[in-house]
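A short worksheet on the structure shown next.
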Amino acid sequence: MRVQQMIGLEEFDGVFTSLRHSVWRLETRRRCASDEATETYAQFAAGRPVQWDLDDLWCRERREQVALGKRFERVRILDEPPTAGQRYLLDNARRNTAAGEDIRILTRSKADELRLPAEDFWIFDARVVALGRCA
């Protein structure tokens, strides 16, 4: 059965703490304007070391969920060479992996060869798919 439903960011964030066992993401984006509006992106763009807050709410929630045995995994598709937004996300992977996420990298050419979808999406508990829309 297929049911489409639009949800807001607050409700979407809640899915990460109510999941049963796993989250998997295919991250296809080349850039995200909301990332570019952050202080960490400003640090990155200025060539300064990014000061990731490993104790922010996002990181604390992920560590709690991982401690309960839940998995957070993603495959990040990178252009060759990576875009500035993708290089920022590679730097951000230090924070994500410190919180317990498993991130794998795949080149865009290999993703195209494998005919992976162009849409960024999440799969929650192997049953719910959420398409990503990045502003």
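How big is D, in µm² s⁻¹, for the stretch 9-131 by Stokes-Einstein at 37 °C and 0.692 mPa s if Rh is the Kirkwood radius over C-alpha pairs?
Rounded to a whole number, D works out at 214 µm²/s.
Let's see if you can work this out: charge +1 on each Lys and Arg Cβ, -1 on each Asp and Glu Cβ, no other charges. What is the dipole magnitude of the chain about its Cα centre, in debye to the nearest 20?
420
State the percent of C-alpha pairs, over all pairs in the stretch 74-127, separated by a distance greater than 14 angstrom.
Every Cα pair in the stretch 74-127 considered, those over 14 Å come to 61 percent.
By count of other Cβ within 10 Å, fewest leading, how are Ser22, Ser109 ordered?
Ser109, Ser22
If the chain between Arg71 and Phe121 were fully stretched, how many nm would it gain, using 0.36 nm times the residue separation less the Cα-Cα distance?
So the extension gain works out to 16.4 nm.
Can you list residues from other chains, or at least 5 along the same chain, whose modelled amide H is less than 5 Å from the amide H of Val75?
Residues meeting the criterion, in which the H sits 1.01 Å from N, are Arg25, Leu26, Glu27, Arg104.
Whose amide H sits under 5 Å from the amide H of Asp120, counting only residues 5 or more places off or on another chain, with H placed in the peptide plane?
Hits under the 5 Å cutoff: Thr28, Gly132.
Which distance in nm do the two modelled labels at Phe16 and Leu106 give, with both placed 7 Å along the Cα-to-Cβ direction?
Here the modelled spin labels are 2.2 nm apart.
In deg cm²/dmol, rounded to 500, what helix-only [θ] at 222 nm does the chain give when every DSSP H run of at least 4 residues adds -39500 (n - 2.57) and the total is split over its residues?
The helix contribution divided over the chain gives -11000 deg cm²/dmol.
Sequence gap at least 6, Cα distance under 8 Å: using those rules, report the relative contact order of the chain to the nearest whole percent.
Relative CO of the chain lands at 34 percent.
Highest GNM mean-square fluctuation, the chain, Cα pairs closer than 10 Å: which of Thr38, Thr107, Thr83?
Thr38
Read-outs throughout are calculated quantities, based only on the coordinates presented, and are distinct from any laboratory measurement. None of the values given here were measured: they were computed from a predicted structure. Positions of Cβ are generated from backbone atoms using ideal geometry, with glycine treated the same way; all protein chains shown enter the neighbour counts.
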